[in-house]
1. Most exposed first by the Cβ proxy, i.e. fewest other Cβ within 10 Å, how do 108, 156 rank?
2. No solvent, one uniform scatterer per C-alpha: report log10 I(q)/I(0) for the range 36-145 via the Debye equation at q = 0.18 1/Å, two decimals.
3. If I take all pairs of Cα atoms in the range 58-115, what percentage of them are more than 15 Å from each other?
4. Any chance you could run the full-extension gain for residue 254 through residue 30? It's 0.36 nm times the residue separation minus the Cα-Cα distance, nm to one decimal.
5. Label points 7 Å out from Cα along the Cβ direction at residue 51 and residue 220: separation in nm?
6. If we count other beta carbons within 10 Å of each Cβ, what is the order of 81, 26, 123, fewest first?
7. What is the spin-label model distance, in nm, from residue 22 to residue 301 if the labels are put 7 Å beyond Cα along the C-beta direction?
8. What's the exposure ranking of 162, 128, 212, 94, going from fewest to most Cβ atoms within 10 Å?
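Nothing in this text is a laboratory measurement; each read-out follows from the coordinates by a stated rule. Just so we're clear, the structure is a prediction, and the values are computed from it rather than from any experiment. Note that we place each Cβ from the backbone using ideal geometry, even for glycine, and neighbour counts take in every protein chain shown.
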Amino acid sequence: MAQIAGRGLALVSAGLLSQGANPDYHQVFWLAAALATAALIAVAVAVPAPRTRTGGRTDWLGAAGLALLLVLLLLPISQGHTWGWTSPRTLALFGGAVVTAVLWVVVERRVRDPLVDMKMFVHRPVLFTNVAGLLVGFAMFAQFIGVSYLVQTPSEIAGYGFGASVLRASVVYLLPSALISLVAAQLGGVLVRRIGARLTLAAGAVFGVVGFAWLTLAHDTAASVILAGMVVGVAVSFGYAAMPALIVAGVPHHQTGIANGINSISRSTGSAIGSAVVTSLLASKTLDNLPAGIPALPAESQYTLSFALAGMAFLLVIGVAMVGLAIRRRSPSPATGTPAPSDDSKATPAPSSDGEATTARTGATV
């Protein structure tokens, strides 16, 4: 719930800070830095220290390796259209990303307290949920960036778009998706209890496919863009409600924190990849014969392609959920060795809407 509400406030704040005769996007980042600092202080002051200390050290090498891997991967994705996809620089960065990924896995397998526990990462319930998280994160940011750029495009010049300001794009076209997510999150929790987390994830992905199909085929009116975005918002809420419940139901209770942390990294990675891919697609094909002084504008077909890719991501989420459900029904329970119930909601209570899940088995919130 808090994460979704924060998303809505961020949209409005970014729009307000970008208004005026001389808008400065740097203010948005300064606000984010100030809020992060305030959150850090609040945690230090208000969050009580645990009574028992588990020990362990921060895996600085693993964190640095993951950061380097993402830079080497995302930079050529976002700049490949400019450098050339077969240019030495692009190929070298992709090759460096592969080498870094291998080295990072080797390091994480040998470090005593790794940033990402590789044994947990390949644990089947966690692996399937992480794939779903990566795809949902990809689709969510594809919608966010695609709609943001689309609605700000001046229709009198490009032949599409609505010429919206940053504030109007945030409040009119993106905020409704965040608001409907607040309501859908409550329904997602109910569905997790009633039909199970995997079916809830699949149901959310169906909404995602419908929403992006709508955006792909009909993004020529403001009503279509807003309503389709709201459908996608429902899909994201259902996904965020289901994934923590899947993890809690699929791993031993003492590993739920680790598994949820890995899933959070997967969602963030998917969001970063989605941002880079959509930005690259929009920049790879621009309109010709624009008036002098007008910056390059993406061809409308690039938005269609971006929304279609995001819809395919949700289509893959349906497949992941169904395969996971089939495997779950055939696999023994990790705790008892008996066949696991087909309804994974019975193993864990419904999670909150911002991706947290509370389980009576551990008495802890992850």
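1. So the ranking, lowest neighbour count to highest, is 156, 108.
2. -1.17
3. 49 percent
4. Here the segment from residue 254 to residue 30 would lengthen by 76.8 nm.
5. For residue 51 paired with residue 220, the spin-label model returns 6.6 nm.
6. Going from least to most buried by this count: 26, 81, 123.
7. Result: 4.2 nm between the two label points.
8. Neighbour counts put them in this order, fewest first: 94, 162, 128, 212.
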